[in-house]
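Scroll down for the structure; my scribbles are underneath it.
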């Protein structure tokens, strides 16, 4: 416990007498570089899942990914999915820009539903 306090970490947990701290790690299996608009970024193979993809910010992110970053496959996810207002126009716009777009209804607060969604669609990256 003293080691956890002395570590200076804002978040730590003592497990089995050892101190553990959260860390993020970039994991991109079978990564592929995107086109010229990619600015050196790599996206995994498979669609880029955008949570809240049919809402205001999600639409901006989706456009940015396609137009500025060269992403060619999107999976837009929101609670309303295809029933979201204006989604047909968004899909048409992104398709004209060269992307293949799928829209799915899913509550990302439901871990099991998200795991199933990711497995079913072979997701390569997530923008949340």
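Please treat every number below as a calculation from the coordinates, not as lab data. Values in this document were obtained by computation on a predicted structure and should not be read as measured data. Neighbour counts are summed over all protein chains in view; Cβ atoms, including those assigned to glycine, are modelled from backbone coordinates with ideal geometry.
So if each residue of separation counts as 0.36 nm, and I subtract the Cα-Cα distance between residue 15 and residue 85, what length gain in nm does that give?
That works out to 20.5 nm of additional length.
Note down the nm distance, to one decimal, between modelled labels 7 Å out along Cα→Cβ at residue 63 and at residue 115.
Result: 3.7 nm between the two label points.
Subtracting the Cα-Cα distance from 0.36 nm times the residue separation, let me have the gained length for residue 127 to residue 102 in nm, one decimal.
Using 0.36 nm per residue and subtracting the Cα-Cα distance, I get 7.5 nm.
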